[in-house]
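K.L.:
Once you've had a glance at the structure underneath, I'll fire off some questions.
No lab work stands behind these numbers, since they all come straight from the coordinates. It should be emphasised that the depicted structure is a prediction, and the values quoted were computed from it without experimental measurement. All Cβ positions, glycine included, derive from the backbone under ideal geometry; neighbour counts span all protein chains shown.
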Amino acid sequence: MTTPKKLYIKTYGCQMNVYDSERMAEALEGYEQTQTPDDADMILLNTCHIREKAAEKIYSELGRYRVLKDANPDLKIGVAGCVAQAEGEEIIRRQPMVDLVVGPQSYHRLPELEAKAQRGEKALDTDFPEEDKFEHLKARPKASRGPTAFLTVQEGCDKFCAFCVVPYTRGAEVSRPVDRILTEARDLVERGVREITLLGQNVNAYHGASESGEQSLAQLIWALDKVDGLERIRFTTSHPNDMTDELIEAHGTCSKLMPYLHLPVQSGSDRILKRMNRSHTRDSYLRLIERIREARPDILLSGDFIVGFPEESDADFADTLDLIREVNYGQAYSFKYSPRPGTPAAERGEVEAAVADARLQELQALLTQQQKAVQDSMVGREVDVLFEKPGRDPGQMVGKSGYLHAVHVDNCTAARGDIRRVKIVQSVRNSLGGVLV
Ligand code: SAH
Ligand code: SF4
Ligand code: F3S
């Protein structure tokens with residue numbers, strides 16, 4: 001038997017990249033994963049193009065591999081993900097030691113590309129092929145794994161928000177068929193998974209084929225609800241316009257669907273939302289939140305915000321702060337607008353950097369305050385916790401509540417994968433402390 005070669009994968013960006021990295025590692029036969037680039041035979045960067053900083057990071061990371069490549073000329077270096085899709089050949093021009101470039105829709109061709117790179121040729125594939133890459137990626141080995149997993153059900157986006165590269169890097173919106181998702185879910189459960197997070201750039205636009213016709217995300221969730229051994233279902237990321245009545249209702253009636261919803265709004269100003277091509281208004285978003293809370297009063301809401309979008313005035317920004325106060329988020333991600341090549345908004349003027357920085361600080365202060373208040377309000381309550389791993393202290397276990405709060409329990413008798421009732425007794429910086437009930 002030949003000893004396996006070593007593969008080092010570094011993953012940037014969103015959860016879909018985490019999922020894709022797992023699939024790529026499985027597709028590359030003859031390799032085993034290593035946790036450091038130093039002894040790798042192949043280094044694969046799975047990249048993100050969403051903001052300029054994310055994309056530039058890749059080139060500085062590649063620069064660091066120079067010494068490794070000098071020491072080991074057989075080392076192959078690959079770039080996958082959204083930077084690969086957006087920049088293609090340009091990556092090899094800027095960094096000639098890169099051997100392989102593969103876009104997100106071509107991962108099933110990775111073994112061929114790797115073979116080509118081994119022959120000493122540059123291997124590049126940034127097509128949007130017809131075939132379903134997931135079907136062509138090798139089936140997962142039956143190894144056991146942790147209690148939580150991601151499962152991509154939908155990919156790509158047809159929304160074309162004026163600031164966003166995703167429709168260009170991931171391509172048009174595509175849903176995977178229902179039966180393949182169910183098969184993959186059952187397989188995950190067999191290997192110890194208790195919680196599945198369904199992934200898609202526009203996951204609630206899901207409309208997958210099935211024998212009985214097309215099914216919506218809500219219908220898929222109900223089908224997964226019947227999978228024995230699967231205890232928790234989550235999904236991300238949703239677009240406000242695709243929150244259907246049946247999906248909202250599922251939050252009230254499906255006990256496996258967790259009380260957490262990531263629903264990005266980006267801005268609280270109608271003027272800016274229009275310029276962003278978001279196709280929802282401040283008011284339609286707020287009314288939607290109201291309906292979701294009617295269905296599931298304790299749901300924890302999370303959002304994404306962009307500050308400093310072109311032409312954002314003080315009044316527009318004040319509208320965003322005001323919307324945040326009205327919603328009260330338990331979790332949020334916020335970003336300074338970054339102009340992206342090829343997107344419509346990149347052609348427009350920019351808000352002064354100092355102004356955008358100040359706005360981001362003010363917005364994050366408000367969001368942090370809300371998150372802390374929501375987390376603190378858990379103290380005294382009993383919640384179910386899915387335990388994932390040992391904590392820092394001996395005897396301690398950590399897991400997640402349904403609201404996605406990290407919870408740690410000292411002297412814990414629960415095992416990895418157990419769901420146990422926990423009384424929350426303290427709220428510290430990034431987690432809650434509790435005792436088993
Ligand atoms: N499909 C998801 C996620 C898209 S990317 C959605 O529709 O919400 C994740 C977040 O990055 C976005 O919600 C947005 O807040 C942010 N983002 C996207 N493009 C950006 C840009 N050009 N500059 C700053 N933030 C951006
Ligand atoms: Fe990007 Fe908008 Fe699509 Fe989300 S909905 S991926 S922000 S274009
Ligand atoms: Fe980044 Fe691509 Fe995800 S741009 S956020 S890795 S879809």
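K.L.:
Out of all DSSP beta bridges with both ends in segment 173-307, state the antiparallel percent to the nearest 5.
P.N.:
Rounded to the nearest five, the antiparallel share is 15 percent.
K.L.:
With a Cα-only, solvent-free Debye model of segment 166-245, what are the log10 I(q)/I(0) values at q = 0.15 Å⁻¹?
P.N.:
Values, matching the q order: -0.54.
K.L.:
Sticking with this one: Which aspartates and glutamates, if any, have their Cα less than 12 Å from the Cα of residue 69, not counting same-chain residues under 8 positions apart?
P.N.:
38, 39, 41, 99
K.L.:
Something else about it: What percent antiparallel are the DSSP beta bridges of the chain, to the nearest 5?
P.N.:
35
K.L.:
Pairs of alpha-carbon atoms within less than 8 angstrom and 6+ residues apart define the contacts here; what relative contact order does the chain have, in percent?
P.N.:
Dividing the mean separation by the residue count of the chain yields 10 percent.
K.L.:
Of 208, 299, 124, which is farthest along the charge dipole of the chain in the positive direction, counting Lys and Arg as +1 and Asp and Glu as -1 at C-beta?
P.N.:
299
K.L.:
For Cα pairs less than 8 Å apart in space and 6+ apart in sequence, what is the mean separation divided by the residue count of segment 1-130, i.e. the relative contact order in percent?
P.N.:
With pairs under 8 Å counted, the relative contact order is 21 percent.
K.L.:
Taking 8 Å as the Cα distance limit and 6 or more residues as the minimum spacing, I'd like the relative contact order of segment 362-420 as a percentage.
P.N.:
It comes to 30 percent, rounded to a whole number.
K.L.:
Name the residues whose placed amide hydrogens come within less than 5 Å of the amide hydrogen of residue 427, ignoring near sequence neighbours (fewer than 5 apart) on the same chain.
P.N.:
So residue 427 has HN proximity to 433.
K.L.:
Post the alpha-carbon centroid distance, segment 285-351 to segment 370-437, in whole angstrom.
P.N.:
Taking the Cα centre of segment 370-437 as reference, the centre of segment 285-351 is 29 Å away.
K.L.:
Along the charge dipole of the chain, which of 320, 221, 33 sits closest to the positive end, that is, farthest toward it, with unit charges on the beta carbon of Lys, Arg, Asp and Glu (+1, +1, -1, -1)?
P.N.:
Most positive-ward Cα: 33.
K.L.:
Taking 0.36 nm per intervening residue step and subtracting the Cα-Cα distance, what contour gain separates residue 348 from residue 121 on full extension?
P.N.:
The residue 348-residue 121 span can extend by a further 77.7 nm.
K.L.:
So what is the calculated 222 nm ellipticity per residue for the chain, using -39500 (n - 2.57) for each DSSP H run with n of 4 or more, over all residues, to the nearest 500 deg cm²/dmol?
P.N.:
It lands at -10000 deg cm²/dmol.
K.L.:
Over 32 Å between Cα atoms, which of 5/57; 6/372; 336/389; 133/336; 53/76; 57/133 qualify?
P.N.:
6/372; 336/389; 133/336
K.L.:
Please compute the length gained on full extension between residue 415 and residue 210, using 0.36 nm multiplied by the number of residues separating them and subtracting their Cα-Cα distance.
P.N.:
So the extension gain works out to 70.1 nm.
K.L.:
Oh, and also: How big is the shadow of the Cα convex hull of the chain, averaged over all directions, in nm²?
P.N.:
If you wrap the Cα atoms of the chain in a convex hull and average its projections, you get 22.4 nm².
K.L.:
Simple spin-label model, 7 Å along Cα-to-Cβ: residue 362 to residue 25 in nm?
P.N.:
Between residue 362 and residue 25, the simple spin-label model gives 4.4 nm.
K.L.:
Rounded to the nearest angstrom and ordered from largest down, what semi-axes does the equivalent ellipsoid of segment 53-206 get from its C-alpha gyration tensor (root of 5λ)?
P.N.:
30, 21, 15
K.L.:
What's the longest piece of the chain with no exposed trypsin sites (Lys or Arg not before Pro), counting a site as exposed if DSSP puts it in a loop and it has at most 11 other beta carbons within 10 Å?
P.N.:
227-391
K.L.:
Follow-up. Report the antiparallel proportion of the DSSP beta bridges in segment 28-184 as a percent, rounded to a multiple of 5.
P.N.:
15
K.L.:
How compact is segment 216-280 by the rule of thumb for globular proteins, expressed as Cα Rg over 2.2 N^0.38 Å?
P.N.:
Scaled against compact globular proteins, the figure is 1.35.
K.L.:
Once you put a point 7 Å from the Cα of residue 376 and another 7 Å from the Cα of residue 293, both along the Cβ direction, what distance in nm separates them?
P.N.:
It works out to 1.9 nm between the two label points.
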